[in-house]
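Trainee: So that we are looking at the same thing, I have put the structure below in structure tokens.
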Amino acid sequence: MPMKEMTCPKGHGNMKPTRIERTTTFRGVDVGYKTDGYACPLCGLEAATVAQAGKTQRAISDAYRKKMDLLTGEEIRRQRKEKGLTQQGLADLMKVGVASIKRWETGLIQSKAMDHALRVHLQGPEFTNIHSGNRELSIPRIKLVIRALEKRLRRRLLKKTDKMLFGAKYLWYADMLAFRNLGASMTGAEYAALPYGPQLNNYSDLIDEIKKADEKSAEPLSEEEMRIIESIVKAFPREQMVYDAAHREVVWKRAPVGAPIPYTDASELTEIG
Ligand SMILES: [Zn+2]
């Protein structure tokens with residue numbers, strides 16, 4: 001098939017294929033990218049075919065993802081093939097639609113949580129930090145998750161004198177389900193099996209910091225994370241329910257007193273779907 005020729009709109013005749021290097025601002029970040037286009041040898045005007053414009057979109061998306069430490073579309077595709085996975089196969093593993101995999105490979109930017117999930121499935125368990133659930137501990141985010149739970153429960157979880165007896169269990173479910181479904185916990189908190197249920201590890205050191213923390217400084221909750229929080233509130237509308245459920249979990253029962261409960265146990269939770 002002969003290549004379509006592009007003509008300069010200023011009437012200078014045929015334009016020549018060229019490599020274009022540009023810098024642009026994308027989502028507030030300066031990114032440099034390379035793409036293909038046409039240039040007029042006389043006036044220097046640059047233009048692109050529809051196919052080239054699509055390639056440019058992907059190049060910008062990948063440059064942005066590289067800068068933000070997210071897997072690029074190229075990397076997702078290559079690593080998926082190295083694992084011998086089809087797009088459908090990876091979608092099934094991640095419990096997402098195949099359309100999501102296709103879009104991420106062709107330029108749609110995945111959330112940080114989905115990026116973690118991709119890495120867990122493409123790069124294996126060695127990527128997984130089983131005690132923080134693939135996220136750095138964020139006290140402001142603990143506060144943010146608690147506030148989101150409180151709003152939906154219409155009740156305070158973080159009380160003045162309370163040791164988060166109930167709050168910690170809601171948090172535990174939120175973190176565990178986020179790890180299981182999205183590949184990363186919400187808060188990066190570590191949990192220990194205490195006699196009265198799963199609790200934030202070193203909670204006595206954390207509790208004042210949580211109360212003082214500014215939740216507005218935390219990374220906002222994603223839509224997927226909000227859905228998890230809503231499902232927890234739906235399953236356990238009353239505090240006693242989350243308390244009792246946590247005590248029925250085999251992953252808590254089998255852990256020695258004081259031992260950490262690894263996030264990889266999230267696949268064995270029985271009290272919430
Ligand atoms: Zn021209």
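Trainee: Roughly how many whole Å is it from the C-alpha centroid of the stretch 1-55 to that of the stretch 77-132?
Mentor: 32 Å
Trainee: May I pose another question? Apply the Karplus parameterisation 6.51 cos²θ - 1.76 cosθ + 1.60, with θ equal to phi minus 60°, to every residue of the stretch 62-68 and state each ³J(HN,Hα) to the nearest whole Hz, in sequence, with x for glycine and proline.
Mentor: Those phi angles translate into 5, 5, 5, 5, 4, 5, 8 Hz.
Trainee: Have a look at Asn14, Asn181, Asn134 and tell me which one the Gaussian network model of the chain (Cα, springs below 10 Å) gives the largest fluctuation.
Mentor: Comparing Asn14, Asn181, Asn134 in the GNM, the peak value goes to Asn14.
Trainee: Seen from all sides and averaged, what is the projected area of the convex hull of the Cα atoms in the stretch 64-178, in nm²?
Mentor: Details: hull surface 34.6 nm².
Approximately 8.6 nm², given one-decimal rounding.
Trainee: Next question. With +1 on each Lys and Arg Cβ and -1 on each Asp and Glu Cβ, how big is the dipole of the chain about its Cα centre, in debye rounded to the nearest 20?
Mentor: 600 debye
Trainee: GNM, the chain, Cα, under 10 Å: largest mean-square fluctuation among Val250, Val120, Val242?
Mentor: Among Val250, Val120, Val242, the largest mean-square fluctuation in the Gaussian network model of the chain belongs to Val250.
Trainee: Also, quick follow-up: Could you work out how far the C-alpha centroid of the stretch 147-223 sits from that of the stretch 246-272, in angstrom?
Mentor: 16 Å
Trainee: Follow-up. What per residue convex hull volume, in Å³, comes out for the stretch 102-246 when only alpha-carbon positions are used?
Mentor: It is 115 Å³ per residue.
Trainee: Right, next: Can you pull the Rg over Rh of the stretch 1-80, Cα-only, Kirkwood?
Mentor: 1.08
Trainee: Radius of gyration and Dmax for the stretch 44-98's Cα atoms, expressed in Å?
Mentor: 14.7, 49
Trainee: With Cβ to Cβ distances under 15 Å as the rule, what net charge do the other residues near Thr270 carry (K, R +1; D, E -1)? Walk me through the intermediate numbers first.
Mentor: Details: positive: Lys169, Arg180, Arg248, Lys253, Arg254; negative: Asp244, Glu249, Asp265, Glu268, Glu271.
Taking every other residue near Thr270 into account, the sum is 0.
Trainee: Hey, another quick one. What number do you get for the stretch 1-145 when its Cα radius of gyration is normalised by 2.2 N^0.38 Å, N = residues?
Mentor: Normalised Cα radius of gyration, the stretch 1-145: 1.37.
Trainee: Restricting to DSSP H runs of at least four residues, report the calculated mean residue ellipticity at 222 nm for the chain, -39500 (n - 2.57) per run over all residues, nearest 500 deg cm²/dmol.
Mentor: -14000 deg cm²/dmol
Trainee: Taking Rh as the Kirkwood radius computed over C-alpha pairs, what is the Stokes-Einstein D of the stretch 148-218 at 4 °C in a medium of viscosity 1.567 mPa s, expressed in µm² per second?
Mentor: Translational D for this selection: 100 µm²/s.
Trainee: Let me ask something else. To two decimal places, what compactness ratio does the stretch 193-257 give when its Cα radius of gyration is scaled by 2.2 N^0.38 Å?
Mentor: Rg over 2.2 N^0.38 Å, computed on Cα atoms: 1.35.
Trainee: Got a sec? Charge dipole of the chain, +1 on Cβ for Lys and Arg, -1 for Asp and Glu; which of Gly258, Gly32, Ile146 is way out at the positive end?
Mentor: So the residue we want is Gly32.
Trainee: Same structure, new question: Near Arg227, within a Cβ-to-Cβ distance under 14 Å, what is the net charge of the other residues, with Lys and Arg +1 and Asp and Glu -1?
Mentor: Around Arg227, the charge tally is 0.
Trainee: Still on this structure: I want to verify a result. In a Gaussian network model of the chain, Cα cutoff 10 Å, which of these has the top mean-square fluctuation: Phe179, Phe166, Phe26?
Mentor: The residue that fluctuates most here is Phe26.
Trainee: State the extension gain, in nm to one decimal, for the chain segment bounded by Lys216 and Leu93, taking 0.36 nm per residue of separation less the distance between their alpha-carbons.
Mentor: The Lys216-Leu93 span can extend by a further 40.9 nm.
Trainee: I'm a student and want to see the number: the projected area of the Cα convex hull of the chain, averaged over all directions, in nm².
Mentor: The orientation-averaged projected area of the Cα hull of the chain comes to 18.4 nm².
Trainee: So if I place +1 on the C-beta of Lys and Arg and -1 on the C-beta of Asp and Glu, and nothing else carries charge, what would the dipole magnitude of the stretch 51-142 be about its Cα centre? I want it in debye, nearest 20.
Mentor: Dipole about the Cα centre, nearest 20: 240 debye.
All of the numbers you see were taken from the coordinates with simple rules; none came from a lab. The shown structure was predicted, so the numbers you read here are calculated from the model rather than taken from an experiment. Here the Cβ is made from the backbone with ideal geometry for all residues, glycine too, and neighbour counts use every protein chain on show.
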